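See structure below.
Nothing in this text is a laboratory measurement; each read-out follows from the coordinates by a stated rule. Everything numeric here is computed off the predicted structure, so don't read it as measured data. All Cβ positions, glycine included, derive from the backbone under ideal geometry; neighbour counts span all protein chains shown.
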Amino acid sequence: MLNKYYILIFLVAFTFQSKAQSIWEADKYKGVPLDKKEIFFFEDFINNKNKWINDSNSKIYSINDSCLIIYNTFSYPISDGKEISINDIKDFEIETEIKFESGEEKDFIGIFWGSITFDEKYNFGFSANSGFTIYKDFSIERTKYQDWKHTDFINKTSYNKLTIRKIDFHYYFFINKRFVYKMSYDILPGNEIGFIIPQKTKVSIKNLTVSYIEIL
């Protein structure tokens with residue numbers, strides 16, 4: 001009986017140790033193996049199957065060579081997204097690749113998630129002049145988790161891979177597979193995921209992937 005008790009204690013301790021190790025590795029890009037990720041949304045922009053281009057935006061949106069190209073000719077930022085319902089009880093990862101083509105080098109280019117409206121969402125992105133920032137919009141209030149910060153991880157002339165990883169009660173953020181920030185997780189207000197493009201700026205977007213993570 002005593003041996004069974006020690007075996008049980010060992011198994012419980014091993015389970016928690018494995019969990020803790022997985023959490024510890026969450027701040028390393030390859031800390032979560034590919035076989036632990038289950039893709040449930042994937043956009044490769046081979047065609048317009050997910051209706052990113054419509055009658056209202058066809059003058060500034062196009063698809064070419066498996067990329068969504070957005071040229072925001074307006075004098076204000078624009079955003080566009082899709083309803084992608086994430087079960088946030090689970091761990092998950094959102095990833096995309098964005099290239100600055102031309103325009104305002106100091107302005108925010110990036111991805112938003114958990115959105116209900118343009119005024120309620122989380123945002124993670126970069127500027128072409130090597131800054132990045134993370135913030136949340138809620139109604140008229142803005143919470144800055146990471147104010148603009150310089151990083152050498154940003155590619156000025158090629159694609160930048162942005163990764164948002166949620167493990168247990170924390171987010172982990174990566175730029176081009178390099179860890180840049182960690183913060184506490186908060187409930188998602190909505191289900192929309194998409195992109196923000198600043199005024200007078202052209203970008204190319206290569207893909208959008210959303211995966212669940214099974215860390216045990």
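Between rounded, prolate and oblate, where does the range 41-89 land on the alpha carbon gyration tensor, with a ≥ b ≥ c its root eigenvalues, rounded for a/c under 1.5, else prolate if a/b exceeds b/c? Oblate shape, in that a/c is at least 1.5 and b/c is the bigger or equal ratio.
The distance linking the range 26-74 with the range 147-216 is 13 Å (Cα centroid to Cα centroid, whole angstrom).
Across the chain, Cα pairs under 8 Å and at least six residues apart give a relative contact order of 32 percent. Cross-link partners for K200 among the aspartates and glutamates, with Cα-Cα distance under 19 Å and sequence neighbours closer than 8 places in the same chain left out: D80, E101, E104, E105, D107.
Provide the gained length on full extension for the span M183 to S130, in nm with one decimal, where the gain is 0.36 nm per separating residue minus the Cα-Cα distance. The partial results should precede the final answer.
Details: separation 53, 0.36 × 53 = 19.08 nm, distance 2.11 nm.
Difference between extended and current length: 17.0 nm.
For the range 141-214, the set of GluC sites (Glu not before Pro) satisfying both a DSSP loop assignment and a count of at most 16 other C-beta atoms within 10 Å is given as E214.
Which shape class, rounded, prolate or oblate, goes with the range 33-213 when its Cα gyration tensor gives a ≥ b ≥ c as root eigenvalues, a/c under 1.5 marks rounded, and past that a/b bigger than b/c marks prolate?
Details: a/c = 1.35, a/b = 1.20, b/c = 1.13.
Taking the square roots of the gyration eigenvalues as a ≥ b ≥ c, the range 33-213 is rounded.
When only the Cβ of Lys, Arg, Asp and Glu is charged (+1, +1, -1, -1), the dipole of the chain relative to its Cα centre reaches about 500 debye.
Counting only residues at least eight positions apart within a chain, or on another chain, the lysines with an alpha carbon under 21 Å from that of K202 are K51, K59, K82, K99, K106, K156, K161.
Pull up the cross-link candidates among the lysines for K144, meaning alpha carbon to alpha carbon under 16 Å and not fewer than 8 places away within one chain. Counting by Cα, and skipping residues close in sequence, K144 has these lysines nearby: K121, K136, K182. With K and R counted +1 and D and E -1, the other residues having a Cβ less than 10 Å from that of Y135 yield a net charge of +2. Shown for R142, R178: other C-beta atoms within 10 Å of each C-beta, ranked fewest to most, produce the order R142, R178. Between I94, I116, I86, where does the largest GNM mean-square fluctuation fall for the chain, given springs only between Cα atoms within less than 10 Å? The residue that fluctuates most here is I116. Adding -39500 (n - 2.57) for every DSSP H run of four residues or longer, then dividing by how many residues the chain holds, sets the calculated 222 nm ellipticity at -3500 deg cm²/dmol.
Distances between placed amide hydrogens fall under 5 Å for Y145 paired with I134, Y135, K136, all partners being 5 or more residues away or on another chain.
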